[in-house]
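Q: Dropping the structure in here first, questions after.
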Amino acid sequence: MTARLDQLRRCHFAVDLGASRTRVYVKGAGLVVDQPSVAAVNTRTGALIAVGELAERMTGRTPHYIRVVRPVSGGNVVDIEMAQRMLRHLLGDKVRRTLRRKAFLRAAACTPNDADPLGRRAAIETLVGLGARRVELVDTLIAAGVGAGLPVERPEATMIMVCGAAATQLAVVSLGSIVASERIPVGGDAVDHAIVQHLRHQHELILPSQSVRPLQLALSGNGLTPQGPASTEIHGLDVATGLARSVKVDTAAVRDAIQTPFTALFDGIGKVLRDCPPDLVADLADRGIMMVGGSALLPGLDQMLRQATGMPVSIAERPELCAIEGLGAMLEGRVEPLELNLPAE
Ligand SMILES: Nc1ncnc2c1ncn2[C@@H]1O[C@H](COP(=O)(O)OP(=O)(O)OP(=O)(O)O)[C@@H](O)[C@H]1O
Ligand SMILES: [Mg+2]
């Protein structure tokens, strides 16, 4: 990574294309885009109607000739052309003009730790389509570790958990490299799905897709921890009649429902620890786990992890921005390579 740092320092912008949100950092200007990775297309003409927040609000509310698409899925770009069009619109004319002025435009992007060559290629192609002549790829786990302020360059082990929308990535990092890692295909989307299924089965209520987040917020404020309110009122559609109905939902039951997808997470932590040399595990016992990514904000998740592992668990500040801020720090040259003070031979 030390050698790559000077390549990264020469990049002009960095992109984190997530399954849920797209973020762009421009050197010197900071974070310029933080919007949902969504585009709405007119299928008759092929024209792009909206991107980002506006397109997300259209989900489930469009006439048949408008399709709302997500060009990124499971951590990889699945529709390169659409991802390029979405990014172009999200960047806007002003930023694009600034980038176009560079004689040799360089870009950086983060990709999941286990991205296959096709996934990496798709990330590179997307940015080449935006005019980049050279693209540097950084492991999301490393970028997020840097963004969270972890000493990833030092010879001390740190455990980082990137809780994204589609998956949770977990790794032990030391000396700027990944010692052991695991990707668990459970993230914020799985939690939303578990809540929707719970309401459907237990209360025969269909929750509109856009109400899952408000529901999570209603349950938060410690709602998903035992100290929170015992029940909360939810509006939705009756499964049988299709009529609007509201029910009182027991928060303890919702808490149990979202716990199920997370059991896979606890198994993943055990596996990473087993793959780790004992010296590093000793470091981890007192440093614990650093949680980053949007789903780290899920109320009660840190508490659940603390109970399951017995290790200290902390959530980074603005966890959802760690990966892009980490890339930004590398671009701005705020990450110091490890200096070796070897005695003269
Ligand atoms: N305050 C919050 N409480 C609970 N969950 C949240 C909160 N904010 C964001 N999330 C969840 O975090 C996820 C988005 O996180 P993030 O922006 O890190 O994902 P991403 O980078 O787009 O996804 P990925 O890295 O998996 O490709 C969504 O699933 C969202 O539901
Ligand atoms: Mg992400």
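The values are calculated or read from the model by the stated rules, or taken from the named source; none is laboratory data. Computed from a predicted model, the values in this text were never measured in an experiment. Neighbour counts run over all protein chains shown; Cβ positions are idealised from the backbone, glycine included.
Q: For the range 286-316, name all the residues that are among the polar types (S, T, N, Q) and away from ligand 1 (no atom under 12 Å from the Cβ).
A: Step one: list which residues in the range 286-316 are among the polar types (S, T, N, Q), which gives 295, 303, 307, 309, 314.
Listed by number, the residues that qualify are GLN303, GLN307, THR309, SER314.
Q: Can you tell which of ILE142, ILE80 is more than 30 Å from ILE49 (Cα to Cα) and either surrounded by 16 or more Cβ atoms within 10 Å (Cβ to Cβ) or among the aromatic types (Phe, Trp, Tyr) (or both)? Steps first, please.
A: Working: ILE80 fails: more than 30 Å from ILE49 (Cα to Cα).
On inspection, the qualifying residue turns out to be ILE142.
Q: Look through the range 62-75, keep the residues that are of a type outside the set (D, E, K, R) and farther than 7 Å from ALA19 by Cβ, and return whichever of them is nearest to ligand 2 (Cβ to nearest atom).
A: Within the range 62-75, the subset of a type outside the set (D, E, K, R) is 62-66, 68-69, 71-75.
Then drop every residue that is not farther than 7 Å from ALA19 by Cβ, which leaves 62-66, 68-69, 71.
Details: THR62: 26, PRO63: 32, HIS64: 32, TYR65: 32, ILE66: 27, VAL68: 20, VAL69: 19, PRO71: 15 Å.
Among residues in the range 62-75 that are of a type outside the set (D, E, K, R) and farther than 7 Å from ALA19 by Cβ, the one nearest to ligand 2 (Cβ to nearest atom) is PRO71.
Q: Within the group GLY129, GLY119, GLY176, which residue is in contact (Cβ under 8 Å) with a residue 40 or more places away in the chain, of a type outside the set (D, E, K, R), more than 14 Å from ligand 2 (Cβ to nearest atom) and surrounded by fewer than 20 Cβ atoms within 10 Å (Cβ to Cβ)? Explain how you work it out, then say what you get.
A: Values: GLY119 fails: more than 14 Å from ligand 2 (Cβ to nearest atom); GLY176 fails: surrounded by fewer than 20 Cβ atoms within 10 Å (Cβ to Cβ).
The unique qualifying residue is GLY129.
Q: Residues of the range 33-50 being under 20 Å from SER211 (Cα atoms) and of a type outside the set (Gly, Ala, Ser), which ones?
A: GLN35, PRO36, VAL38 - these are the residues of the range 33-50 that are under 20 Å from SER211 (Cα atoms) and of a type outside the set (Gly, Ala, Ser).
Q: Now a separate question. What residue, of ALA148, ALA171, ALA165, is at pLDDT 90 or above, closer than 30 Å to GLY242 by Cβ and within 16 Å of ligand 2 (Cβ to nearest atom)? Reasoning before the result, please.
A: Details: ALA148 fails: closer than 30 Å to GLY242 by Cβ; ALA171 fails: closer than 30 Å to GLY242 by Cβ.
Within the list ALA148, ALA171, ALA165, the selection yields ALA165.
Q: Here is a follow-up. What number of residues within the range 138-154 satisfy the criterion of being away from ligand 1 (no atom under 16 Å from the Cβ), out of contact with any strand residue (DSSP E or B) (no Cβ under 6 Å at 6 or more places or on another chain) and in contact (Cβ under 8 Å) with a residue 40 or more places away in the chain? Even if it seems obvious, please write down each step before you answer.
A: Within the range 138-154, the first condition is being away from ligand 1 (no atom under 16 Å from the Cβ), and the residues that meet it are 149-154.
Filter once more, so that each one left must be out of contact with any strand residue (DSSP E or B) (no Cβ under 6 Å at 6 or more places or on another chain): 149, 151, 153-154.
Adding the requirement that they be in contact (Cβ under 8 Å) with a residue 40 or more places away in the chain leaves 149, 153-154.
Total meeting the criteria: 3.
Q: While we're on this one: Considering only strands (runs of 3 or more DSSP E) fully contained in the range 243-345, which possess at least 3 residues that are within 18 Å of the chain's Cα centre (by Cα)? Give the derivation first.
A: Numbers: elements: 244-250, 289-292, 313-315.
Where strands (runs of 3 or more DSSP E) fall fully within the range 243-345 and carry at least 3 residues being within 18 Å of the chain's Cα centre (by Cα), they are 289-292.
Q: Please specify each residue of the range 282-300 satisfying the condition of being among the hydrophobic types (A, V, I, L, M, F, W, C), surrounded by 17 or more Cβ atoms within 10 Å (Cβ to Cβ) and away from ligand 2 (no atom under 16 Å from the Cβ). Outline the logic, then answer.
A: Step one: filter the range 282-300 for residues among the hydrophobic types (A, V, I, L, M, F, W, C), giving 282, 284-285, 289-292, 296-298.
Filter once more, so that each one left must be surrounded by 17 or more Cβ atoms within 10 Å (Cβ to Cβ): 284, 289-292, 296-298.
Correct list: LEU284, ILE289.
Q: Of the residues that make up the range 46-61, is at least one within 16 Å of ligand 2 (Cβ to nearest atom) and touching a Lys or Arg at 6+ places or on another chain (Cβ under 8 Å)?
A: no
Q: Looking at the range 151-162 only, could you name the residues that are closer than 18 Å to VAL281 by Cβ and either within 13 Å of ligand 2 (Cβ to nearest atom) or of a type in the set (Asp, Glu) (or both)? Walk me through it before giving the result.
A: Here is the first cut: in the range 151-162, the ones closer than 18 Å to VAL281 by Cβ are 151-152, 154-161.
Hits for the range 151-162 are GLU156, ILE160, MET161.
Q: Can you tell me which of VAL95, VAL51, VAL33, VAL69 is under 24 Å from the mean Cα position of the chain (by Cα), within 21 Å of CYS163 (Cα to Cα) and in the same structural domain as ALA132 (by TED's automatic domain parsing)?
A: Working: VAL95 fails: within 21 Å of CYS163 (Cα to Cα); VAL51 fails: within 21 Å of CYS163 (Cα to Cα); VAL69 fails: within 21 Å of CYS163 (Cα to Cα).
Of the residues listed, the single one that is under 24 Å from the mean Cα position of the chain (by Cα), within 21 Å of CYS163 (Cα to Cα) and in the same structural domain as ALA132 (by TED's automatic domain parsing) is VAL33.
Q: For residues that are within 16 Å of ligand 2 (Cβ to nearest atom) and not in a strand (DSSP E or B), scanning just the range 1-21, find the one that is farthest from ALA122 (Cα to Cα). Steps first, please.
A: If we filter the range 1-21 for residues that are within 16 Å of ligand 2 (Cβ to nearest atom), which is where we start, we get 14-21.
Then keep just the ones that are not in a strand (DSSP E or B); that gives 18-20.
Working: GLY18: 13, ALA19: 14, SER20: 17 Å.
Per the criteria, the residue is SER20.
Q: Now a separate question. Within the range 103-113, can one find any residue that is more than 18 Å from the chain's Cα centre (by Cα), modelled with pLDDT under 95 and in the same structural domain as ALA14 (by TED's automatic domain parsing)? Let's see the steps before the verdict.
A: First, pick out the residues of the range 103-113 that are more than 18 Å from the chain's Cα centre (by Cα): 103-107.
Still in the list and also modelled with pLDDT under 95: 103.
From what is left, the residues that are in the same structural domain as ALA14 (by TED's automatic domain parsing) are 103.
Yes, there is a match, as at least one residue in the range 103-113 is more than 18 Å from the chain's Cα centre (by Cα), modelled with pLDDT under 95 and in the same structural domain as ALA14 (by TED's automatic domain parsing).
Q: Restricting attention to the range 132-145, which residues are away from ligand 2 (no atom under 16 Å from the Cβ) and closer than 26 Å to VAL173 by Cβ? Before the answer, list the steps.
A: Here is the first cut: in the range 132-145, the residues away from ligand 2 (no atom under 16 Å from the Cβ) are 132-136.
Result: ARG134, VAL135, GLU136.
Q: Please return the ranges of strands (runs of 3 or more DSSP E) entirely within the range 22-64 where 2 or more residues are under 30 Å from GLY326 (Cβ atoms) and without any contact (Cβ under 8 Å) to a residue 40 or more places away in the chain.
A: Working: elements: 30-36, 39-42, 48-51.
The qualifying strands (runs of 3 or more DSSP E) are 48-51.
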